[in-house]
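In what follows, a single structure is set out as structure tokens and then discussed.
The values are calculated or read from the model by the stated rules, or taken from the named source; none is laboratory data. Since the structure is predicted, the reported quantities are computational estimates derived from the model, not experimental observations. Here the Cβ positions follow ideal geometry from the backbone for every residue, glycine too, while neighbour counts run over all protein chains shown.
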Amino acid sequence: MSTQAASSILFTHTSPQQGFKLLELPSDLADLLTSKEAPTLELKSPPANPSHQTHPPTEESREYVNLCTATKTYRVRQVQSSNSIHIIRPSDSGVERGDIDIVGGSTDGLNLVETVTAIAICGSTLELHTPPEGFSAVPVLERILPVYDDGEEAEVMEVDVGEVIRRVFADVPVSGVQCEEGWIEVCGFVLRRGSGGDVVGWCRRPSAETKLGVWRRVLEGAVLQGIDLGRQFLVKDLWRSVLDEGEEPFPRALFEAVVRRVCAGSGLLFEDIKWASIDQASCTQWVGEIYLEAVAPTATSGVGRSEFLNAWKDLLPEPWRGDVAFSKLTENSFKYPDPTTICFVNSADRQKTKKNASTDASAATTAKKTRNWHELFKNQKRQKR
Amino acid sequence: MPTIPLHPRVSSPISLPNPLPQLLQTPSGLAILELQGTINVPSQEPDAESRAPTGDTHDPSIATFETPIGKLMFPDYSPQTTASDDTKWMKRVYLYVGRYQRMTGEVKKLAQPLALVQRRQKETSSDSDGEELEIVEIIKYKLFFKNRPEPVNDS
């Protein structure tokens, strides 16, 4: 029994206990955190919404916490465990200790000097999940950014635009890269107008009509000044072509937001754009969608299909006219309310259809993989309802 | 601002010798012991568990006290003779509770590594009151006791 005695370790319980949380790490996150230069992660929750109290919680407004790396987002979920999970660590013998005799420490002559002690207990673990539809900043930005009112003028307020945007992003519960993508997607910009320290109030997002107006103006200006939008151009030149005898038809920040949206490789949100080249495919798609959203936002206001295609063509540089086709629009972004018309489907409704289609198919596979009861029985619950 | 930073592990290696097998050792010395059931500790604070998560953990003014529970044994492991790629010893771990009960468990690799997250200790109390968290350790193995205790003779 001497070998056993040699590896006998006294096990104790320390009070007071400490507070720990256990966070399950997916392999990519574990690799990131064990790398030499592990980044600081962020736990983000959605901004407090005054409408919380008045409306029943919806999918979007429910409280949640996301864990974000620079590029990725995970939804945090607390999972209770029926087992008790103790955190233990080696202990030195210097602390005050209860009677060791109760475990036979001194009577049978074991040399129980080596000690581990339980310093905390966790009844639950935090799991990280990525829903199949992924994460996007767009719904949150659409909710928090005020819509730009045509004619609102930019104020000459000395602010660090990048800093303002970063402070807005602190309230958007997805990763930094996803925030930037969302900001560009909604054409967010800093108007430098607003009250007090509410940074969101300094920012705006344009409506579809406004975006359409800016794009129309850009297109006209480019034709007049002979700027080929199919090639690289100086953003400064394009801005000059938009000016109406030196008058700004809309804030330059809005113009730049639109340019960023249609440009290829538009990752550099926090840098000034000097040169730009438009991504033909994504620009064509974007123009078609904002036009549809502007003129036919709902099923009741559907627009004739050929009429739509012609208007779309007219909104593109001459050589791109041939690109126009219904198949170029984002899937689910439009529907045909009757045999001759087409209308826009907003992103919230799009999510709903996508979710219904995808969950049933994927639920079966996730249920097999998962250890969680609520995942396992989600399917059955859905069917009963 | 609803953004809370979660800092990566800052290596603060412990100075104490770690009596656990090499596989279970971590830089900070922290490890996980999971068991079915609870350890009831006769304690001056009856609800030590419920107040644990909020307790400011390293307050030096509160004296720590250790209550012996039992002993931990790795019967098939010996630091001198067990090869590092030998995993047979992991199948058997004993946790004696008191003198007359023994639980048999094993060392298990976690399906996903677990990060131990704790509230970051403030260096200066006047610092911003924003909450900050940090990962104190990333753990890949656990001691797992899923069986009931069995009576043993106090040999």
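So, of the residues in the range B:97-114 that are touching a helix residue (DSSP H, G or I) at 6+ places or on another chain (Cβ under 7 Å) and at the interface with chain A (Cβ under 7 Å from one of its Cβ atoms), which turns out to be nearest to A:Glu127 (Cα to Cα)?
Narrowing the range B:97-114 to residues touching a helix residue (DSSP H, G or I) at 6+ places or on another chain (Cβ under 7 Å): B:98-99, B:106-107, B:113.
Still in the running and at the interface with chain A (Cβ under 7 Å from one of its Cβ atoms): B:98-99, B:113.
On the way: B:Gly98: 35, B:Arg99: 37, B:Pro113: 11 Å.
Residue satisfying both the conditions and the ranking: B:Pro113.
Exactly one condition in (1) crowded, with 16+ Cβ neighbours inside 10 Å; (2) modelled with pLDDT of 90 or more is not met by B:Thr57; state its number.
(2)
If I filter the range A:241-263 for residues that are within 28 Å of A:Lys328 (Cα to Cα), in the same structural domain as A:Val168 (by TED's automatic domain parsing) and in a loop (DSSP other than H, G, I, E, B), do I get at least one hit?
no
Condition first: surrounded by 19 or more Cβ atoms within 10 Å (Cβ to Cβ) and not hydrophobic (A, V, I, L, M, F, W, C). Can you find one or more residues in the range A:294-313 that meet it?
Yes, the range A:294-313 contains at least one residue that is surrounded by 19 or more Cβ atoms within 10 Å (Cβ to Cβ) and not hydrophobic (A, V, I, L, M, F, W, C).
Which is closer than 19 Å to A:Leu191 by Cβ, surrounded by fewer than 18 Cβ atoms within 10 Å (Cβ to Cβ) and not assigned by TED's automatic domain parsing to the domain that holds A:Pro319, of A:Asp272, A:Asp237? Before the answer, list the steps.
Values: A:Asp237 fails: closer than 19 Å to A:Leu191 by Cβ.
After ruling out the rest, the residue left standing is A:Asp272.
With outside the structural domain of A:Arg143 (by TED's automatic domain parsing) and modelled with pLDDT of 90 or more as the only criterion, which of A:Pro56, A:Pro16, A:Pro46, A:Pro90 stands out?
Working: A:Pro56 fails: modelled with pLDDT of 90 or more; A:Pro16 fails: modelled with pLDDT of 90 or more; A:Pro46 fails: modelled with pLDDT of 90 or more.
After ruling out the rest, the residue left standing is A:Pro90.
Pairs under 6 Å by beta carbon, first residue more than 7 Å from every other protein chain (Cβ to nearest Cβ) in the range B:68-86, partner among the basic types (Lys, Arg), six or more apart or different chains?
If the second residue must be among the basic types (Lys, Arg), the pairs left are B:Asp76/B:Arg92.
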